[in-house]
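Written out below as structure tokens is the structure these notes cover.
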Amino acid sequence: MAKIYVLMGKSASGKDTLYNQLLQTEALHLKRIILYTTRPIRTGEENGREYYFVSQERFYEMENAGQVVECRTYQTVHGPWHYFTAADEQINLAGTQNYLMINTLEGYCRLVQYFGQDYVVPLYIEVEDGLRLERALSRERQQAQPKYEEMCRRFLADARDFSPEKLAEAGIVETYPNLDAGECFTALKQKLQSCIS
């Protein structure tokens, strides 16, 4: 029985680095789920690599057909941009291929509702808020045009989105502290190996 492993955590918790390391670990044989988006493709991106880029009309068609598993919508100056997981040929839980994706807590809960608790496994990365804020600030300072206000907004939003109450409601009791990236990666790898074997 295949499973979808969902990597979650607040901003600047190290999700992207851990995600790429886990995908590159051949012994785990994890397949990446490529999300869909209605935002325009950016320079250097390729359809089907970063995302599947679709029109608003196509998104509504997929939604009406019941193919949208979970969706996050962001209001932008260009109108709403949707990022979503689709029930498409990428995901075959009847097979033996296991999957890995990054998502929000809300997205994880919707995946559980759609596929069932037996098929979706949470991997929650935890970092103490002070350290996470330091990491976010350091990362933002490296940008050509730092957006400190947005960094602060995300920090506060994450406190609400990943509150202890919401984690408990979602049934997430196991966490993976990321004080040391190597140790966190090892703990995640061991967890996945125990689930897969």
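Between the amide H of residue 31 and those of 98, 99, 100, distances stay under 5 Å, these residues lying 5 or more places away or on another chain, with hydrogens modeled in the peptide plane. I'd like the FRET efficiency for residue 145 and residue 181, computed as 1/(1 + (r/R0)^6) with the beta carbon distance as r and R0 of 30 Å, rounded to 0.05. Calculated transfer efficiency: 0.65.
Only the Cβ atoms of Lys and Arg (+1) and of Asp and Glu (-1) were treated as charged; on that basis the dipole of the chain about its Cα centre amounts to roughly 280 debye.
For segment 70-143, the extents of the C-alpha atoms along the principal axes are 45, 34, 19 Å, listed from largest to smallest. Residues 125, 196, 4 in ascending order of nearby Cβ atoms (within 10 Å, fewest first): 196, 125, 4. Rounded to the nearest Hz, the phi-derived 3J(HN,Hα) couplings of segment 7-18 under the Karplus curve 6.51 cos²θ - 1.76 cosθ + 1.60 (θ = phi - 60°) are 7, 9, x, 5, 4, 6, 8, x, 4, 4, 4, 5, where x marks glycine and proline. Once backbone amide H atoms are built at 1.01 Å from N, residue 121 has 4, 5, 6 as its partners under 5 Å, excluding neighbours fewer than 5 places away on the same chain. Taking amide H as placed 1.01 Å from N in the peptide plane, residue 52 has its amide H under 5 Å from the amide H of 35, 36, 37, each at least 5 places away in sequence or on another chain. In a simple Cβ point-charge model (Lys, Arg +1; Asp, Glu -1; nothing else charged), segment 24-88 has a dipole of about 160 debye relative to its Cα centre. Phi angles across segment 126-141 convert, under the Karplus curve 6.51 cos²θ - 1.76 cosθ + 1.60 with θ = phi - 60°, into 3J(HN,Hα) values of 10, 9, 4, 4, x, 5, 4, 5, 4, 5, 5, 5, 4, 5, 5, 4 Hz, Gly and Pro given as x. Per-residue 3J(HN,Hα) values for segment 184-195, derived from phi via the Karplus relation 6.51 cos²θ - 1.76 cosθ + 1.60 with θ = phi - 60°, read 5, 4, 4, 5, 5, 4, 4, 4, 5, 5, 5, 6 Hz in sequence order (x marks Gly and Pro). With no solvent and one equal point scatterer placed on each C-alpha of segment 10-55, evaluate the Debye formula and give log10 I(q)/I(0) for q = 0.24 Å⁻¹, two decimals. Each listed q maps to, in turn, -0.95. When the alpha carbon gyration tensor of segment 99-173 is reduced to an equivalent ellipsoid, the three semi-axes, largest first, read 28, 14, 11 Å.
Normalised radius of gyration (Cα atoms, divided by 2.2 N^0.38 Å) for the chain: 1.04.
The numbers here are math on the coordinates, done by the rules we state, and not lab data. Bear in mind that the values here come from a model prediction, so they are computed numbers and not experimental data. No Cβ is skipped: glycine too gets one built from the backbone with ideal geometry, and neighbour counts run over all protein chains shown.
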